[in-house]
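Shown next, in C-alpha cells, is the structure this report addresses.
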Amino acid sequence: MNTEIRSARMEKRSRKRLGQMFGPIAVFFRGFLEAPRMVGSVIPSSRTTIEAMLERVDWENCRLFVEYGPGVGTFCPHILDRLPADGKLLVIDTNERFVDYLKRTVRDERFHARLGSAEDVERFVRQLGHDKADFVLSGLPVSTLPEDVADRIVAATQRVLRRGGAFLTYQFRPVARDLTEAHFDRVETDFVWRNVPPCILAWGWKERGWQDSPA
Ligand SMILES: C[S@@+](CC[C@H](N)C(=O)[O-])C[C@H]1O[C@@H](n2cnc3c(N)ncnc32)[C@H](O)[C@@H]1O
C-alpha cells in the first residue's frame, strides 16, 4: 500500500480515537464556557461519586429512573448497566448541546433524553406513561440556580416520587442537601473526597406509609 494512503488512514484512526477519548470532555467544557452558571462545573463527576450515589438504589424495583442535568451522560451508562431490562431512564437537561450529544451517543431503547427544565419533571414522567418515578438523581448546580427554581424542582421531585423511592444529590456546597432535608422524610448523607471538587452526597427518602403496597 502506498505510504501516503497508509499514513492518512493512521491519522484518521488516531483522530477518531482521540475524539472518543476527549469527545465528551470537549462537549462538556464547551457547554460550561457557554453557560457557566447553568452547568456549574468544569469537570464531570468521578467514578467514586457515581458508584457511591448509585449503591443505595433498589434496582430490582426500579422501573423509572430520572436524572436531572445529565450533562454529557457521565452517570448514564452506569445507570443503564444496573437498570432492569423493562426499566426506563429519563434524563432532563436545559442545554440543547448536551441533549443532542446524548441522543446521538446513547444507543439504548430504555433511554429517553428530554430538553427542558427539571421543574417540569411531572409532565415528562406522564408523557412516558408513568404516574411516578422510582428514583431521581440530580446533578444540578443548585447553588447557582435562582432560589425559587431550586425550591420548585425539589417540591416537584417530592410529588413525583413513589413512596419508598429517593432523591439523590451530589454537590460540593450543602445547598442541595439542605433543600432535600426541607422536603423529605428521612435524609442520609455521605462525603466523597475523590471528586473535583470533593462533594456532599444526600439521599432523601420518601417513606412508605403502612397502607402502601411494596414497590
Ligand atoms: C454540573 S453539570 C452535571 C454534569 C453531570 N451530571 C456530571 O455528573 O458530570 C449540571 C447540568 O445541569 C443542567 N441544568 C441546569 N439547570 C437545569 C434545569 N433547571 N433543569 C435541567 N437541567 C439543568 C446543565 O445544563 C448541566 O448539564
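Kindly provide the set of residues from region 130-149 that are in a strand (DSSP E or B) and within 12 Å of the ligand (Cβ to nearest atom), ordered by number.
Listed by number, the residues that qualify are V136, L137, S138.
Would you check which residues across region 95-105 are buried (at least 19 other Cβ atoms within 10 Å of the Cβ) and either away from the ligand (no atom under 13 Å from the Cβ) or in a helix (DSSP H, G or I) (or both) and list them?
F98, Y101, L102
From E188, E122, grab the single residue that is part of a helix (DSSP H, G or I) and of a type in the set (D, E).
Matching residue, one of E188, E122: E122.
Which one of the conditions (1) farther than 22 Å from V125 by Cβ; (2) part of a loop (DSSP other than H, G, I, E, B) does R208 fail to meet, given that it meets all the rest?
Unmet for R208, out of (1) farther than 22 Å from V125 by Cβ; (2) part of a loop (DSSP other than H, G, I, E, B): (1).
Conditions tested, residue by residue: (1) more than 19 Å from the chain's Cα centre (by Cα); (2) modelled with pLDDT of 95 or more; (3) farther than 21 Å from D93 by Cβ; (4) not hydroxyl-bearing (S, T, Y).
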residue: D131; (1), (2), (3), (4): yes, yes, yes, yes
residue: G139; (1), (2), (3), (4): no, no, no, yes
residue: V154; (1), (2), (3), (4): no, yes, no, yes
residue: R159; (1), (2), (3), (4): no, yes, no, yes
residue: R173; (1), (2), (3), (4): no, no, no, yes
residue: A202; (1), (2), (3), (4): no, yes, no, yes
residue: W205; (1), (2), (3), (4): no, yes, yes, yes
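Kindly indicate which of D134, D151 is out of contact with any Asp or Glu (no Cβ under 9 Å at 6 or more places or on another chain) and either surrounded by fewer than 23 Cβ atoms within 10 Å (Cβ to Cβ) or within 25 Å of C62 (Cα to Cα) (or both).
D151
Out of the residues in region 33-74 that are β-branched (V, I, T) and within 8 Å of the ligand (Cβ to nearest atom), which is surrounded by the fewest Cβ atoms within 10 Å (Cβ to Cβ)?
Filtering region 33-74 for residues that are β-branched (V, I, T) and within 8 Å of the ligand (Cβ to nearest atom), the one surrounded by the fewest Cβ atoms within 10 Å (Cβ to Cβ) comes out as I43.
Quick one: is A113 of a type in the set (G, A, S), in contact with a Leu (Cβ under 8 Å, 6 or more places away or on another chain) and either away from the ligand (no atom under 12 Å from the Cβ) or closer than 28 Å to I43 by Cα (or both)?
Here the answer is yes, as A113 does meet what is asked.
From the list A85, A35, A26, which residue is over 15 Å from the mean Cα position of the chain (by Cα), among the small types (G, A, S) and at pLDDT 95 or above?
A85
Check region 155-172 and report whether any residue there is out of contact with any helix residue (DSSP H, G or I) (no Cβ under 6 Å at 6 or more places or on another chain), under 25 Å from V27 (Cα atoms) and hydroxyl-bearing (S, T, Y).
no
Among the residues in region 203-211, are any over 22 Å from R63 (Cβ atoms), surrounded by fewer than 21 Cβ atoms within 10 Å (Cβ to Cβ) and more than 15 Å from the ligand (Cβ to nearest atom)?
Yes; the residues of region 203-211 include at least one that is over 22 Å from R63 (Cβ atoms), surrounded by fewer than 21 Cβ atoms within 10 Å (Cβ to Cβ) and more than 15 Å from the ligand (Cβ to nearest atom).
Which numbered condition in (1) within 20 Å of R162 (Cβ to Cβ); (2) modelled with pLDDT under 95 is the only one that G40 fails?
Status for G40: all satisfied but (1).
The values are calculated or read from the model by the stated rules, or taken from the named source; none is laboratory data. It should be emphasised that the depicted structure is a prediction, and the values quoted were computed from it without experimental measurement. Note that we place each Cβ from the backbone using ideal geometry, even for glycine, and neighbour counts take in every protein chain shown.
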